[in-house]
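Following: one structure in structure tokens, then a few remarks.
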Amino acid sequence: MNCLDLRDLTRKELKAWVQALGLPGFRATQIFRWLWTPGVRTFDEMTNLSKALRTELHQKASIGSLKKLDLRVSADGTTKFAWLLTDGRIMESVLIPERNHFTLCLSTQVGCAMGCTFCHTARMGFKRNLTSGEIAMQALAALEHMPEAGRLKNLVFMGMGEPLANYENLVKALYILTDDHGLNFSWRRITVSTCGLLPQMLRLGSEVDVGLAVSLHAPEDSLRTKLMPVNKRYPLADLIAGCRQYPLARRRRITFEYILLGGLNDSVKHAEKLARLLRGIRCKINLIPCNPSHAVPFSPPTPSDVESFRKELLRHNYTAIVRKSKGADIGAACGQLYAELNGAESANCASLS
Ligand code: SAH
């Protein structure tokens, strides 16, 4: 088994590798096209390459894949995939049906180190970063599963892990996913969500043009620190100042995500504070009523509290949307991703595939 996985490479990197083998650069485009064609898994399927070249590739490199370990379909059509990785780890992605298209929620790490108290993934602890190939292959594998490939439009990096804590691999995966010789996703339809790793957030804005979502969840430091340990490192004043200087493309707005936790951060006073905090930032606010989970000690807000919170934000002229929770019945909703089989039990998982 060869360790260089060609699916980890951007087309530019693949070109350099191919040239180092003494081959012309255009071969990289041919190979890249095959690598990102749904259904292609082996070098032997790359029929416009000579037999000799296919043999050479086979000796020098490999083509990574995700093994589908489990698939659950929710009553609302949301599908959660559990993928078995080559080292026995497991991660998940969620395919969400919208009115006319699908959105895929991708993971960037196995587990997470951020320790947010309301999030199920945090309970796993941090296992490892996903490679750029593992990140991008989630889209390829979802496409292989779907009848109409064209309908997968939006990619959101809101699955397991903190995307900006795996910065290099995230950005490489973005280049792979948007390559017009590959899956050709539109930069406009990609959103990266962060708990607020400030330096990486500003770096992302200066390097690529993707949508930014910031998980806020509290309008004051004392409460936010209790919910999200990352707030000690990057307190609200710094984070919001960072959002104000974020190089936002003209057509874009920052999305702020705010989980409503019953009785904790869901009062009209909190809404008013939030409105003041974000004043002047071109943004929209997604309100996410807390998803129930047996592992986290918070309860959902009452419907009337959700409505009053939203009304207060509207009164201050914000766009505020209550996000309908999808896939909660199969543990696929926000904050519910948790690959229970990870770790010691993974040997058993391998036998399931
Ligand atoms: N680490 C990144 C990406 C994960 S995104 C981030 O924090 O943004 C997952 C989204 O689901 C985040 O907005 C997160 O705060 C939210 N979430 C986590 N636990 C939740 C829960 N129990 N109920 C509702 N939303 C939750």
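Confirm whether Asp44 is modelled with pLDDT of 95 or more and touching a Ser or Thr at 6+ places or on another chain (Cβ under 7 Å). Before the answer, list the steps.
Numbers: modelled with pLDDT of 95 or more: yes; touching a Ser or Thr at 6+ places or on another chain (Cβ under 7 Å): no.
No.
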Report summary line: Note on the range 265-293: residues in a loop (DSSP other than H, G, I, E, B), out of contact with any His (no Cβ under 9 Å at 6 or more places or on another chain) and within 12 Å of the ligand (Cβ to nearest atom) are Cys290, Pro292
Query - the range 96-112 - residue that is in contact with a Ser or Thr (Cβ under 8 Å, 6 or more places away or on another chain) and outside any strand (DSSP E or B) and, of those, nearest to the ligand (Cβ to nearest atom) - result: Cys112
Query - Some residue of the range 166-174 being within 16 Å of the ligand (Cβ to nearest atom), of a type in the set (Gly, Ala, Ser) and open to solvent by 20 Å² or more (accessible area, probe 1.4 Å) - result: no
Report summary line: If we keep only residues of the range 294-318 that are in contact with a Lys or Arg (Cβ under 9 Å, 6 or more places away or on another chain) and touching a residue at least 60 places away in the same chain (Cβ under 8 Å), then the residue nearest to the ligand (Cβ to nearest atom) is Val296
Query raised in the report: Does Gly262 qualify as being surrounded by 14 or more Cβ atoms within 10 Å (Cβ to Cβ), in the same structural domain as Thr191 (by TED's automatic domain parsing), part of a helix (DSSP H, G or I) and small (Gly, Ala, Ser)?
Result: no
Query raised in the report: Which residue out of Arg89, Arg99 is touching a residue at least 24 places away in the same chain (Cβ under 8 Å) and surrounded by fewer than 22 Cβ atoms within 10 Å (Cβ to Cβ)?
Result: Arg89
Report summary line: Scanning the range 203-237 for residues that are more than 16 Å from the ligand (Cβ to nearest atom) and in contact with a Pro (Cβ under 8 Å, 6 or more places away or on another chain), the one least open to solvent (accessible area, probe 1.4 Å) turns out to be Asp221
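I'd like to check something: does the range 12-24 contain any residue that is under 20 Å from Leu143 (Cα atoms), at pLDDT 95 or above and assigned to a helix (DSSP H, G or I)? Outline the logic, then answer.
Quick first cut of the range 12-24, residues under 20 Å from Leu143 (Cα atoms) only: none.
Looking for residues that are under 20 Å from Leu143 (Cα atoms), at pLDDT 95 or above and assigned to a helix (DSSP H, G or I), one finds none in the range 12-24, hence no.
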Query raised in the report: Residue check: is Cys119 within 16 Å of the ligand (Cβ to nearest atom) and at pLDDT below 95?
Result: yes
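Condition test on Pro247, is it open to solvent by 30 Å² or more (accessible area, probe 1.4 Å), in contact with a Pro (Cβ under 9 Å, 6 or more places away or on another chain) and of a type outside the set (Ser, Thr, Tyr)?
On the way: open to solvent by 30 Å² or more (accessible area, probe 1.4 Å): yes; in contact with a Pro (Cβ under 9 Å, 6 or more places away or on another chain): no; of a type outside the set (Ser, Thr, Tyr): yes.
Taking the combined requirement at face value, the residue does not satisfy it.
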Query raised in the report: From the residues in the range 117-134 that are farther than 17 Å from Leu164 by Cβ and among the basic types (Lys, Arg), which one is surrounded by the fewest Cβ atoms within 10 Å (Cβ to Cβ)?
Result: Arg123
Query raised in the report: Only one of these conditions is not met by Gly182: (1) in a helix (DSSP H, G or I); (2) more than 16 Å from the ligand (Cβ to nearest atom); (3) buried (at least 20 other Cβ atoms within 10 Å of the Cβ). Which number is it?
Result: (1)
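The values are calculated or read from the model by the stated rules, or taken from the named source; none is laboratory data. Since the structure is predicted, the reported quantities are computational estimates derived from the model, not experimental observations. Heads up, the Cβs are rebuilt from the backbone with ideal geometry, glycines too, and the neighbour counts pull from every protein chain shown. When the accessible area is computed, the model is the full protein with side chains, heavy atoms only, and any ligands, DNA or RNA have been set aside. Shrake-Rupley method; radii C 1.70, N 1.55, O 1.52, S 1.80 Å.
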